[in-house]
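**Student:** Okay, here's the structure, questions in a sec.
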Amino acid sequence: YHGLRDCAVELYLASGVSVLLAFETKTERERVLSLLPRNVPCHTDASFVRDAYDGWRLGKISNFDYLLALNSAAGRTFHDLSRYPVFPWVVADYTSEELDLNNPDTFRDLTKPVGALNEERLQYFMTRYKSMEGDMDHAFLYGTHYSAPGYVLYYLVRSMPEQMLCLQNGKFDSPDRMFHDLDHTYSSVLINHADVKELIAEFYDPQAGYDFLINARGLRLGSTQ
């Protein structure tokens, strides 16, 4: 973690893996970049985003790969929890035994951010925002973010327990506050005033496996009330 400083570069190798190199200063990073061949594509260039969009629109790349490309263009990487790739909630029904894919209510409204999905809660945010104007230098609508290291580890605690222990001073969170149920989590991001988090790529990646969803390591995470 480098405090969101602009001093790193992620290199994608021909093998498909990538490596994130963090430098002490932006100047050092730029010096290394100048040594790379001119024809190496840069994910933060507008041309990369246009090519990704064209490939997605023509069906040459999947929704998943397109969202990965957008995350990479935004400077997000799997190597940094503070800039972890963000993927949206898509399904809104976590109680039905079988999903009706022809029913619009089965899906989340992707025209709105999570914080605006619940109209009643959005009105609360807007009222609070207006009350801040004039009294605060930086009024805000949402008091939390859609992605943060703690939110990423909330989902990945079963596959990255050591990271969570570092974040929580050597202890796991209370069982009732840990990720244990999709319906419970989705309900929270709809009604909780302090919860507007999105999902992570692992929920949509068929190559990621499902270890993050089960307690394969037999961790002592406690029991919910």
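**Student:** Any residue at all in segment 72-85 that's in a helix (DSSP H, G or I) and open to solvent by 70 Å² or more (accessible area, probe 1.4 Å)?
**Tutor:** no
**Student:** Starting from residues that are open to solvent by less than 40 Å² (accessible area, probe 1.4 Å) and part of a loop (DSSP other than H, G, I, E, B), keep the ones in segment 86-96 and report whichever is farthest from D195 (Cα to Cα).
**Tutor:** Of everything passing the filter in segment 86-96, D93 is farthest from D195 (Cα to Cα).
**Student:** With the checklist (1) open to solvent by 70 Å² or more (accessible area, probe 1.4 Å); (2) modelled with pLDDT under 95 in hand, flag the one item V32 doesn't pass.
**Tutor:** Going through (1) open to solvent by 70 Å² or more (accessible area, probe 1.4 Å); (2) modelled with pLDDT under 95 one by one, V32 breaks only (1).
**Student:** Out of the residues in segment 51-63 meeting the condition of being more than 18 Å from R76 (Cα to Cα) and in a helix (DSSP H, G or I), tell me which one is most open to solvent (accessible area, probe 1.4 Å).
**Tutor:** Filtering segment 51-63 for residues that are more than 18 Å from R76 (Cα to Cα) and in a helix (DSSP H, G or I), the one most open to solvent (accessible area, probe 1.4 Å) comes out as R57.
**Student:** Could you tell me how many of the residues in segment 1-24 are open to solvent by less than 60 Å² (accessible area, probe 1.4 Å) and assigned to a loop (DSSP other than H, G, I, E, B)?
**Tutor:** Of the residues in segment 1-24, 3 are open to solvent by less than 60 Å² (accessible area, probe 1.4 Å) and assigned to a loop (DSSP other than H, G, I, E, B).
**Student:** Mind listing whichever residues of segment 191-207 are open to solvent by 40 Å² or more (accessible area, probe 1.4 Å), under 15 Å from V86 (Cα atoms) and part of a loop (DSSP other than H, G, I, E, B)?
**Tutor:** Of everything in segment 191-207, those that are open to solvent by 40 Å² or more (accessible area, probe 1.4 Å), under 15 Å from V86 (Cα atoms) and part of a loop (DSSP other than H, G, I, E, B) turn out to be Y204, D205.
**Student:** Would you please list the contacts, defined by Cβ atoms under 6 Å and residues six or more apart or on different chains, that run from a residue in segment 140-152 that is under 18 Å from M126 (Cβ atoms) to a residue that is exposed (fewer than 14 other Cβ atoms within 10 Å of the Cβ)?
**Tutor:** Listed by first residue and then by second, the contacts come to T144/A194.
**Student:** Which residue pairs have Cβ atoms closer than 7 Å, lie 6 or more positions apart in sequence or on different chains, and pair a first residue in segment 58-76 that is aliphatic (A, V, I, L, M) with a second residue that is in a loop (DSSP other than H, G, I, E, B) and open to solvent by less than 40 Å² (accessible area, probe 1.4 Å)?
**Tutor:** Going by the 7 Å Cβ cut-off, the qualifying pairs are L68/P85.
**Student:** In contact with a helix residue (DSSP H, G or I) (Cβ under 7 Å, 6 or more places away or on another chain) and open to solvent by less than 70 Å² (accessible area, probe 1.4 Å), is that true of A46?
**Tutor:** no
**Student:** Hey, another quick one. Of all residues in segment 114-133 being of a type in the set (K, R) and surrounded by 13 or more Cβ atoms within 10 Å (Cβ to Cβ), which is nearest to T185 (Cα to Cα)?
**Tutor:** The qualifying residue nearest to T185 (Cα to Cα) is R121.
**Student:** Being over 23 Å from A194 (Cβ atoms) and exposed (fewer than 14 other Cβ atoms within 10 Å of the Cβ) is the filter here; which residues of segment 97-113 pass it?
**Tutor:** E97, E98, L99, D100, L101, N102, N103, P104, D105, T111
**Student:** Quick one: in segment 165-186, of everything that is closer than 18 Å to Y84 by Cβ and under 16 Å from the mean Cα position of the chain (by Cα), which residue is modelled with the lowest pLDDT?
**Tutor:** So, considering only residues that are closer than 18 Å to Y84 by Cβ and under 16 Å from the mean Cα position of the chain (by Cα), the one modelled with the lowest pLDDT is F179.
**Student:** Given the criterion β-branched (V, I, T) and touching a strand residue (DSSP E or B) at 6+ places or on another chain (Cβ under 8 Å), identify the matching residue among I214, I191, I200.
**Tutor:** None of the other options fit; the residue is I200.
**Student:** Taking segment 134-190 on its own, how many of its residues are open to solvent by less than 50 Å² (accessible area, probe 1.4 Å), closer than 23 Å to L117 by Cβ, assigned to a loop (DSSP other than H, G, I, E, B) and of a type in the set (S, T, Y)?
**Tutor:** Total meeting the criteria: 2.
The values are calculated or read from the model by the stated rules, or taken from the named source; none is laboratory data. Predicted model only: the values in this text are computed from it and were never measured. Cβ coordinates were reconstructed from backbone atoms using ideal geometry, including for glycine residues, and neighbour counts include every protein chain displayed. Note: areas computed on protein heavy atoms with side chains; ligands, DNA, RNA excluded. Shrake-Rupley method; radii C 1.70, N 1.55, O 1.52, S 1.80 Å.
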